[in-house]
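Data first, discussion second: the structure below is written as structure tokens.
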Amino acid sequence: MAIYGRTDLAVEAKNLHLQGRRNITQLEGVAAKDEIIDGIEVSTVEILNSKGAEILGKPVGKYYTMQIDDRFERGTDIFSSAAQTLGQLIRNCIPLNNSSVYLIAALGNPDITPDALGSIAASNIIVTQHLKKKMPAEFKAFSTTMLCRTGVLGTTGIESAAQIKSLCERFKPDCVIAVDALAGVELNRLCHSFQISASGISPGSGVGNNRQELSAETLGVPVIAVGVPTVIDASLYSDAPQLKGMFVTPRDIDSAVRSAGKLIGYGINLALHPALNINDIDMLVG
């Protein structure tokens with residue numbers, strides 16, 4: 001069955017546009033490649049120009065998608081290589097030096113499980129700004145990191161973008177890393193694909209609830225977006241009118257989001273604090 005729909009994943013958008021087109025493997029203004037990094041499948045979609053952006057409906061830039069088909073919770077054999085690969089892909093997108101300051105923004109609603117990815121990732125992030133000020137020698141090997149949990153407009157009354165912009169104006173970070181749940185269309189990618197890009201993010205866009213975008217244009221600094229699709233529009237797989245506007249999620253969404261959030265947290269830590277390893281992070285985040 002051919003599937004059409006709105007997706008936050010660039011690799012899915014590319015696949016949708018190539019679906020059913022015989023002898024066409026490349027889209028104008030779009031470059032793509034697949035590779036294996038440390039045993040992990042990684043797809044790279046690069047939107048080269050305005051034509052590619054128009055076709056895929058996403059800003060110009062590189063979009064990395066890491067696919068993990070097996071279980072990947074902490075304690076599994078694949079977790080370490082997956083976290084290291086995720087860290088490498090994040091490093092591909094960020095300015096990284098000893099004086100860089102990073103603001104990690106955990107987006108989404110922690111009270112709604114499919115939207116709690118950012119909040120769970122935040123619980124696994126090492127924050128150092130206050131420590132580096134008090135104990136600079138002891139934390140010399142660490143980057144300067146800050147964290148905010150924005151909540152959602154319906155519970156805070158404040159746009160996430162407005163909160164983050166205020167923090168950027170106050171603390172002058174060199175980069176913002178935004179973590180948020182996404183929407184997808186391919187069932188095998190649900191809670192198993194991790195997208196990393198340096199093209200910013202529009203919170204809620206995948207479920208038709210667009211908020212103010214987070215991007216270099218709106219915040220004045222590079223914005224790295226890290227996310228996992230946790231929902232799929234139910235109407236993509238059925239013509240039943242009562243499914244219009246409904247989204248479905250896996251029955252094990254609790255454990256899936258916890259595992260994905262922890263993996264993202266560890267990947268961000270490895271990216272921003274290169275001197276650390278997985279065991280170090282275990283001790284620091286509990």
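The values are calculated or read from the model by the stated rules, or taken from the named source; none is laboratory data. Only a predicted model underlies this, so the values are computations on that prediction, with no experimental measurement involved. In this analysis, Cβ positions are derived from the backbone assuming ideal geometry, glycine residues included, and neighbour counts consider all displayed protein chains. Please note that ligands, DNA and RNA were not included when accessible areas were found on the heavy atoms of the full protein model with its side chains. Shrake-Rupley method; radii C 1.70, N 1.55, O 1.52, S 1.80 Å.
Assorted remarks:
- Phi angles of the stretch 31-39 translate, via the Karplus equation with coefficients 6.51, -1.76, 1.60 and θ = phi - 60°, into HN-Hα couplings of 10, 8, 8, 10, 8, 10, 10, 6, x Hz per residue; Gly and Pro are given as x.
- Å² per residue, accessible surface of the chain at 1.4 Å: 47 Å²
- Of all accessible heavy-atom area on the stretch 20-75, the percent that carbon and sulfur account for (1.4 Å): 42 percent
- Here the stretch 2-125 is assigned +1 on the Cβ of each Lys and Arg and -1 on the Cβ of each Asp and Glu. Its dipole about the Cα centre then comes out at about 420 debye.
- Distant-in-sequence amide H partners of residue 199 (H built 1.01 Å from N, under 5 Å): 225
- Unit charges on C-beta of K, R, D, E only; dipole of the stretch 61-151, Debye: 560 debye
- Sum of side-chain charges, residue 124 neighbourhood, beta-carbon under 12 Å (Lys, Arg +1; Asp, Glu -1): +2
- Max mean-square fluctuation residue, GNM over the chain, Cα-Cα springs under 10 Å, options 126, 158, 24: 24
- Degrees between helix 78-91 axis and first principal axis of the chain (Cα, 0 to 90, nearest 10): 80 degrees
- Principal-axis tilt of helix 160-171 within the chain, Cα atoms, nearest 10 degrees: 30 degrees
- The stretch 39-118 shape via C-alpha gyration tensor axes, a/c threshold 1.5: rounded
- Euclidean distance of C-alpha centroids, the stretch 112-175 and the stretch 42-83, integer Å: 23 Å
- Accessible surface of the stretch 143-286, 1.4 Å probe: 52 percent of it comes from carbon and sulfur atoms.
- Considering only 246, 168, 224, and ranking their Cα positions along the charge dipole of the chain that arises from unit charges at the beta-carbon of Lys, Arg, Asp and Glu, the one farthest toward the positive end is 168.
- Between 0 and 90°, nearest 10: helix 253-272 axis offset from the chain longest Cα axis: 50 degrees
- Taken about its Cα centre, the chain carries a charge dipole of roughly 620 debye when the Cβ of each Lys and Arg holds +1 and the Cβ of each Asp and Glu holds -1.
- Exposed loop sites were defined as trypsin sites (Lys or Arg not before Pro) in DSSP loop states (anything but H, G, I, E or B) carrying at most 11 other C-beta atoms within 10 Å; in the chain the longest segment without such a site runs 23-139.
- Shape of the stretch 174-286, Cα gyration tensor, a/c cut at 1.5: oblate
- Comparing 146, 116, 106 along the charge dipole axis of the stretch 92-173, the residue lying farthest to the positive side is 146, per the Cβ-charge model.
- Helix-only mean residue ellipticity at 222 nm for the chain, each DSSP H run of n ≥ 4 adding -39500 (n - 2.57), per residue, nearest 500: -9000 deg cm²/dmol
- Charge dipole of the chain about the Cα centre (unit charges at C-beta), most positive-ward option of 82, 263, 202: 202
- Rounded D (µm²/s) - the chain, Kirkwood Rh over Cα pairs, Stokes-Einstein at 20 °C, 1.002 mPa s: 111 µm²/s
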